[in-house]
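Worksheet: one structure, shown below.
The values are calculated or read from the model by the stated rules, or taken from the named source; none is laboratory data. Everything quoted here is computed from the prediction, not taken from an experiment. Neighbour counts are summed over all protein chains in view; Cβ atoms, including those assigned to glycine, are modelled from backbone coordinates with ideal geometry. To get the accessible areas, we keep the full protein, side chains included, count just its heavy atoms, and leave off ligands, DNA and RNA. Shrake-Rupley method; radii C 1.70, N 1.55, O 1.52, S 1.80 Å.
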Amino acid sequence: MRVVKEAEERKNEILDAAERLFGEKGFDSTSTTDILNEIGIARGTLYYHFKSKEEILDAMIERTVKRLAEKAEKIISEKDTPILQRLTKMMLALKVDDKNFSHELLKQAHRPQNALMHQKMQTCILSEINPLITDLIQESIVQGICKTDYPEEVAEMTFLYANIVFDDLMEYSAEEKQRKIAAFIYNLERLLNMEQNSMKSAIMPIFQDRER
């Protein structure tokens, strides 16, 4: 008997199957036929939702980033938790690693030939997360923790810089990395007109967690 599913349910079913297969066989070794066989659907059904395997990968990135944004938004809404603690928790929740992205998705994104995919991932994260960081900065301004006339731009500059300089593709010596972390904290405090080292306790756990 033919099973008819709602469009969103079918779309997620395709993405789930593709993510499993990409993880087992790799992106390059997985064909659209493999995905069809995994779910048991007609090719026309697949192409109704996605025109290519690359489009499926794009949708996987978007879906995962939206889930990350939902987690971040929940953390930001915990008003009983001090702002800097919420910042730490939010950034840890937003880490682009194997906990939040499938291993195969990360592996594909970090291949030199897939620089565009990596850029798409970062752009998607920025568009979803920057408004949340901006909200946190604006709340900090109201509470007198920091001061800036450009909360959205500070959030954007901070997020872009951190994602480029501290990307897993970058290779630094231990000394170079510590200097860049110190410079990042120092300049973020300047952007937000905060006292020196006032952000250290909030930022350092993020980098310490990345090294585990």
Report summary line: For VAL96, the lone unmet condition from (1) open to solvent by 30 Å² or more (accessible area, probe 1.4 Å); (2) closer than 23 Å to LEU188 by Cα; (3) modelled with pLDDT of 85 or more is (3)
Report summary line: The residue from SER52, SER29, SER77 that alone is closer than 24 Å to LEU94 by Cβ and of a type in the set (Ser, Thr, Tyr) is SER77
Requested in this report: Identify, from the list ASP16, ASP58, the residue that is surrounded by fewer than 17 Cβ atoms within 10 Å (Cβ to Cβ), free of Cβ contacts under 8 Å to residues at least 40 places away in the same chain and in a helix (DSSP H, G or I).
Outcome: ASP16
Requested in this report: Could you pull out every one of the helices (runs of 4 or more DSSP H) wholly within region 131-212 that has 3 or more residues that are touching a residue at least 60 places away in the same chain (Cβ under 8 Å)?
Outcome: 200-210
Query raised in the report: Within region 127-173, can you find the residues that are open to solvent by 40 Å² or more (accessible area, probe 1.4 Å), farther than 19 Å from SER198 by Cβ and among the hydrophobic types (A, V, I, L, M, F, W, C)?
Result: LEU160, ILE164, LEU169, MET170
Query raised in the report: Assuming ARG210 fulfils every condition listed in (1) open to solvent by 30 Å² or more (accessible area, probe 1.4 Å); (2) in contact with a Lys or Arg (Cβ under 8 Å, 6 or more places away or on another chain); (3) at pLDDT 90 or above apart from one, which condition is it?
Result: (3)
Requested in this report: Can you tell me which residue within region 28-55, out of those that are open to solvent by 80 Å² or more (accessible area, probe 1.4 Å) and charged (D, E, K, R), is farthest from the chain's Cα centre (by Cα)?
Outcome: ARG43
